[in-house]
Structures are given as C-alpha cells and as structure tokens.
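Colleague: Before anything else, here's the structure in question.
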Amino acid sequence: MVPLYAARVSDLGPGDFVQVECLCGQTELLTAAMLATASVAPEQKVLDLGDRMRCRECDERGKPVVSIRWGPVL
C-alpha cells in the first residue's frame, strides 16, 4: 500500500477503488479502468482528482473528499 498523499492512479490494483464523496452526501466508487476511460493519466495523483470531479446530484465541482478503498491483500 502507498500512502494517500503519494498514491497515483497506476498504484491502484484490480480490487482497489477511489472513493469520491461530495458534500451533499453522494458517494461514488471508481476503479482504475473507469478513470482510464475518462482520460486520467496513470501518473496522476489520486488526491488531485477532486479538482476534475463534478457531482451528479448537486452539480458542484471541485469540492469532493477523495480517498482510496484498498482491496484485500492476497
């Protein structure tokens, strides 16, 4: 596992998710594959993704709480 402040999209494994939570309460779990289809570069830091996000419910931009939900370690 990599610390959250240093984690990049390329550090995410197949069971790992990026959790994006808006101030309105809307929560989304995104995989590395989903981020790749949204043209997010593998070297992009996970914490910097919040600036690119827009909430589907309240349409607020750039204010989500971003975290990583690490998958099980085998």
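Colleague: Please report, in debye to the nearest 20, how large the charge dipole of the chain is about its Cα centre when each Lys and Arg carries +1 at its beta carbon and each Asp and Glu carries -1 there.
Modeller: For this selection, approximately 40 debye.
Colleague: I would also like to ask the following. I'd like the Karplus ³J(HN,Hα) series for the stretch 11-22: coefficients 6.51, -1.76, 1.60, θ = phi - 60°, whole numbers in Hz, and an x wherever there's a Gly or Pro.
Modeller: 7, 6, x, x, x, 9, 10, 9, 9, 10, 10, 7
Colleague: Based on the mean of other beta carbon atoms within 10 Å per residue, what is the order of 36-43, 24-31, 5-12, most packed first? Walk me through the intermediate numbers first.
Modeller: Numbers: 36-43: 11.0, 24-31: 13.4, 5-12: 15.4.
The packing order, highest mean first, is 5-12, 24-31, 36-43.
Colleague: Taking amide H positions as placed 1.01 Å from N in the peptide plane, with prolines and chain starts having none, which residues 5 or more places from Ala7, or on another chain, fall under 5 Å of its amide H?
Modeller: Val46
Colleague: What is the extension gain from Glu28 to Ser10, computed as 0.36 nm multiplied by their sequence separation minus the C-alpha to C-alpha distance, in nm to one decimal?
Modeller: Length gained, Glu28 through Ser10: 4.6 nm.
Colleague: Show that you can apply the helix-only estimate: for the chain, add -39,500 (n - 2.57) for every DSSP H stretch of four or more residues, divide by all residues, and state [θ] at 222 nm to the nearest 500.
Modeller: Computed ellipticity for the chain at 222 nm equals -2000 deg cm²/dmol.
Each reported figure results from applying straightforward, stated rules to the coordinates on display, with no laboratory input. The structure displayed is predicted, hence computed values, not measured ones. Neighbour counts run over all protein chains shown; Cβ positions are idealised from the backbone, glycine included.
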